[in-house]
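Below is one structure, written out as structure tokens; the observations come after it.
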Amino acid sequence: MREQIQALLDETKAALDGADTPQALEALHARYLGKKGPLSALLRGLGQLDAAERPEAGKRINAARAEIESAFAKREARVKQAARLIALSGETIDVTEPREDYQLGAYHPITIILDELVELFTGMGYEVVEGPEVEYDLYNFELLNQPKHHPARDAQDTFYIEDNIVLRSHTSPVQARAMLSRKPPIRIISAGRCYRADEADATHSPVFHQMEGLYIDKGVGMSDLKGTLETFAKRIYGSDVEVRFRPSFFPFTEPSAEVDLTCPACGGKTGCRVCKGSGWVEVLGCGMVNPKVLELCGIDSAVYSGFAFGMGLERLAMQRFGIPDLRWLFEGDARLLGAGRNGARADGIEGRRGL
């Protein structure tokens, strides 16, 4: 049996020397170490030996199996290494070969404005809250002092899903939800998509983005609102910008105002197409929260007061980056997205509609 084992070892090692693929190794493994292989046959033949010879023969067979398995492992490592070298030789990259410049991604202008506003207002103590885009009429209108058949509803051009369910026409429903679920002091901002049945043109879109702000506490006055919005304007447009409040009307604030800033394009000095020669551009609406809205939301208007403001993010982005047509913000043009990089303006984009 000793001669048989040595012959098997020599045969196996010779076969391994000629195996140069994983498939060939797998076939040899099944041939020599499988259940029907020669080693298994030798183990089955131990019963034919004398009892005194069996332990020594079994030891030799097991030692031969260990030696063969070690030889397989070494050969397998060499075959894998050779295959890897062949694969790498076919996948080499010439790092000195000239390549076309690749374009870096950029944040969307609306995202840039939104991130700056969130950083600004959270630094002033405001909390970011969110609300649903599919909203109940109760929150979108009624709790904001716009009961059914109120004439102010006509200006909203609302998308109705059902009689009492709408696509929110502004982000103000988040304010109503906050006042119902929290106790003063309340200081929140909320941003997101809004929907109105407007025709798409250079200044309107049926889908747009707003940011709302709400501050309610004891002793909140118009001076607090003015200081907050002046801080906002100087952060977004620079320290030289001037702020102008014009009386206006909103059902959910009283008194109400619209806020104009000196034109970011001409500085308010010469007049231009951006400000239509006036030197001012409108950026947002605001006012003191109507006492009736406070009462509708369960807040005692004799104790608490507050202010609210809302701004269109598209309008802010257009003014910041010199974008003359709101529709550009929704077209995915890479040239426009690149205009937001490093604070560049989009005035120089050529080949666009209307230029």
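Residues whose amide H lies under 5 Å from that of residue 253, counting only those 5 or more places away or on a different chain, are 290; hydrogens are built 1.01 Å from N in the peptide plane. Calculated on C-alpha atoms, the gyration radius of segment 89-184 divided by its Kirkwood radius gives an Rg/Rh of 1.33. Of the residues 189, 324, 202, the one whose Cα sits farthest toward the positive end of the charge dipole of the chain, with +1 on the Cβ of Lys and Arg and -1 on the Cβ of Asp and Glu, is 189.
Cβ distances below 4.7 Å define possible disulfide partners, and in the chain the cysteines left without one are 194, 286, 297. Over segment 50-117, the fraction of Cα-Cα pairs per 5 Å bin, rounded to whole percents and listed from the shortest bin up, is 3, 11, 7, 7, 8, 7, 7, 7, 7, 7, 6, 5, 4, 4, 4, 3, 2, 1, 1.
One chain, two ends: residue 157 and residue 273. Fully extended at 0.36 nm per residue, the span grows by 38.9 nm beyond their Cα-Cα distance. Cα centroid separation, segment 22-53 to segment 280-336: 83 Å. If you run the Gaussian network model on the chain, springs between alpha carbon atoms under 10 Å, then out of 196, 187, 54 the most flexible one is 54. Taking amide hydrogens as placed 1.01 Å from N in the peptide plane, the amide H of residue 209 sits under 5 Å from those of 194, 313, 314, each at least 5 positions away in sequence or on another chain. For residue 74, a cut-off of 20 angstrom between C-alpha atoms picks up these lysines, skipping any fewer than 8 places away in its own chain: 13.
Using helices alone, what [θ] at 222 nm do you get for the chain, with -39,500 (n - 2.57) per DSSP H run of 4 or more residues, divided over all residues and rounded to the nearest 500? It would help to have the intermediate numbers written out before the result.
Working: 11 runs with 137 residues, N = 355.
Result for the chain, helices only: -12000 deg cm²/dmol.
Summary value for the chain: 14 percent relative contact order, contacts being C-alpha pairs under 8 angstrom separated by 6+ residues.
Between residue 2 and residue 46, what length in nm is gained on full extension when 0.36 nm per residue of separation is reduced by their alpha carbon distance?
14.6 nm
Couplings 3J(HN,Hα) for segment 312-324, derived from phi with the Karplus relation 6.51 cos²θ - 1.76 cosθ + 1.60 (θ = phi - 60°), are x, 5, 4, 5, 5, 5, 4, 5, 5, 9, x, 9, x Hz, where x marks Gly and Pro. A straight Cα-to-Cα reach below 13 Å connects residue 59 with the aspartates and glutamates 67, residues fewer than 8 places away in its own chain not being considered.
Starting from the Cα gyration tensor of the chain, multiply each eigenvalue by 5, take the square root, and state the resulting semi-axes largest first in whole Å. Each step should come with its number before you reach the end.
Values: eigenvalues 1240, 177, 67 Å².
Calculated on Cα positions only, the semi-axes equal 79, 30, 18 Å.
Each value in this text was obtained by applying a stated rule to the coordinates, not by laboratory testing. The structure presented is a predicted model; accordingly, all values stated were derived computationally and were not measured. All Cβ positions, even for glycine, are placed from backbone atoms using ideal geometry, and neighbour counts span all protein chains on display.
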